[in-house]
Every structure is written in C-alpha cells, then in structure tokens.
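Q: To start, I am sharing the structure in question, which I have written as structure tokens.
Only the coordinates and a few stated rules stand behind these numbers; no lab work does. On a predicted model such as this, the values are computed, not experimentally measured, just so you know. Because the Cβ atoms are built from the backbone with ideal geometry, glycine has one as well, and the counts that use them run over all protein chains shown.
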Amino acid sequence: MITTLKEIIEKEIEAIHRIPLSDVYERAIDLIVTQVHRKKGKLVCSGMGKAGQVASNIATTFSSTGTPSCFLHPSDAQHGDLGILRENDLMLLISNSGKTREIIELVGLARQLIPDIRFIVITSNETSELAKNADICLLTGNPPEVCALGLTPTTSTTVMTVIGDLLVVETMKRIGFTVADYAKRHHGGYLGAVSRMQSKQL
C-alpha cells in the first residue's frame, strides 16, 4: 500500500506542477484589488458540491487575510440569498466541468441583479459556457482524478485549492497585508496568539 500511496501523492504533485500559469493571474489580482480594495465591494465565491467546499475555504481565507469575502451557495441564491450581491462586488465561480447547471444559472441571476458584475472562473474546460461568461478564466490543467474510478473529485479539488492559494497570497502582497493586520482578525486560537506576539516584536 505504501507504494500506491506514494504514486497517488506523486500524481497530485504532478497535477499542481501542470497548472497553466500566465499573466491571467496578474489580471485576476488586479481585478480583485480594484473591485474589493478600491471600489469597496467584496469577493463572493461560489461552487456546487466539492467545488463549493473549495470555494467556501477560499472565501474564508481571503477574509482572514484582509480581502472581504463570503461564500454564496448557488441553490440558496435562488431562494433569496442572491440579495447579498451589491454594486462593485466580484464573483469567483468554481466548476471543474464548467457546465454545472446551478453555477450557470447563478451567472444569469447575478447579471439580472447587477448587469455589470464581473466574474473570475476556475475550471478545467476553457470552451465551457461558464468559461465563455468569465471576465477572467483560470484553468486547472484538467488533471485526471486519482480516484480509482476516475470520477470522484480528488486531484481536481487539490488543484482548485492551490489556485485559490495563489490568488490569496498574491493579493496579500499587493495590499501590503501585515502580521499586525492578521492579528486584528484573529483574536482567538494558536494563530491569533502567534500573530499578536510577532506584531509586538516588530
């Protein structure tokens, strides 16, 4: 089993290395900084199923590092939660296939409410309807799932998470987010204590 486990890890590492990197990431960071930090909107992340869990994690990580963000469940959006959207908000939508019905519908619903709302999309399918509706499309590289069936979201969610980390870390750099800023947002827990200690030492 150890050999098999190592093979799975290597496949996931290889998938991360194959994430297509280009100046599209700089454009994505520019858009996040413009909409959230200059125009005072927020980043609204969404996805269904496992992609939704990744989107939720990205949203909380952004919020904890100085970029106001929230998760909007696409089904809940159809039952009133769409009202969270405001002018200057930016949406980050995640769908491996780019064909997820609820996410496609969310694009249309969001535009009915705010016609000029902007979209960053994370997907494996650059020809999908979701990708075509994106202002900025970040591709995963479409790695095969390490699941024995080749179906369960495994490698794809790993890559999505890494892409989210790229956006978060580069945005932190762009806005000059400091240890003191971090400490203000983390009152409790180990990380809060460490950040407060580090900020006092500066």
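Q: In the Gaussian network model of the chain, springs joining C-alpha atoms below 10 Å, which of Cys137, Cys45, Cys147 carries the largest mean-square fluctuation?
A: Cys147
Q: Still on this structure, please answer the following. Of Thr61, His73, Thr155, which is farthest towards the positive pole of the chain's charge dipole, taken about the Cα centre with +1 and -1 on the beta-carbons of Lys, Arg and Asp, Glu respectively?
A: Result: Thr61.
Q: Indicate the gyration tensor shape class of region 1-111 (rounded, prolate or oblate), computed on the Cα atoms with a ≥ b ≥ c the square roots of the eigenvalues: a/c under 1.5 is rounded; otherwise a/b larger than b/c is prolate and the rest oblate.
A: prolate
Q: Need one number: nm distance between label points at Lys40 and Leu109, each 7 Å from Cα along Cα→Cβ, rounded to one decimal.
A: 2.8
Q: At 0.36 nm per residue, and after removing the present C-alpha to C-alpha distance, how many nm does the segment from Ser199 to Ile2 gain when stretched out fully?
A: 66.7 nm
Q: Another question about this same structure. How would you classify the chain from its alpha-carbon gyration tensor, with a ≥ b ≥ c the square roots of the eigenvalues: rounded for a/c under 1.5, else prolate if a/b is greater than b/c, otherwise oblate?
A: Judged from the Cα gyration tensor, the chain comes out oblate (a/c at least 1.5, b/c at or above a/b).
Q: Excluding same-chain pairs closer than 8 in sequence, count the lysine pairs in region 1-142 whose Cα atoms lie under 28 Å apart.
A: Eligible lysine pairs with Cα atoms under 28 Å apart amount to 11.
Q: When you count, for each residue, the other Cβ atoms within 10 Å and take the mean per peptide, how do 52-59, 100-107, 76-83, 89-96 rank with the highest first?
A: On the way: 52-59: 21.8, 100-107: 19.5, 76-83: 13.0, 89-96: 26.9.
Sorting 52-59, 100-107, 76-83, 89-96 by mean packing, highest first, produces 89-96, 52-59, 100-107, 76-83.
Q: Restricting to DSSP H runs of at least four residues, report the calculated mean residue ellipticity at 222 nm for the chain, -39500 (n - 2.57) per run over all residues, nearest 500 deg cm²/dmol.
A: Dividing the helical sum by the residues of the chain leaves -15500 deg cm²/dmol.
Q: Return the distance in nm (one decimal) between the two label points of a simple spin-label model at Ile9 and Lys132, each offset 7 Å from Cα along Cα→Cβ.
A: With each label point 7 Å from Cα toward Cβ, the separation is 4.3 nm.
Q: May I ask you to order 5-16, 158-169 by the average number of other C-beta atoms within 10 Å around their residues, highest value first?
A: On the way: 5-16: 13.3, 158-169: 19.5.
Most protected by this proxy first, the peptides run 158-169, 5-16.
Q: State whether region 1-55 is rounded, prolate or oblate according to the following rule on the C-alpha gyration tensor (a ≥ b ≥ c being the square roots of its eigenvalues): a/c under 1.5 gives rounded; otherwise a/b larger than b/c gives prolate, and the remaining case gives oblate.
A: Oblate, since a/c reaches 1.5 and b/c is not below a/b.
Q: Run the dipole for the chain about the Cα centre, Lys and Arg Cβ at +1, Asp and Glu Cβ at -1, nothing else charged, and hand back the magnitude in debye, nearest 20.
A: It works out to roughly 700 debye.
Q: I'd like the FRET efficiency for Val33 and His187, computed as 1/(1 + (r/R0)^6) with the beta carbon distance as r and R0 of 25 Å, rounded to 0.05.
A: Taking R0 as 25 Å, the efficiency between Val33 and His187 is 0.45.
Q: Using the Kyte-Doolittle scale, find the helices of the chain whose mean hydropathy is at least -0.5 and whose Cα atoms extend 20 Å or more along the helix's long axis, counting only whole DSSP H runs.
A: Those that pass (Cα extent of 20 Å or more, hydropathy at least -0.5) are 2-17, 49-64, 155-175.
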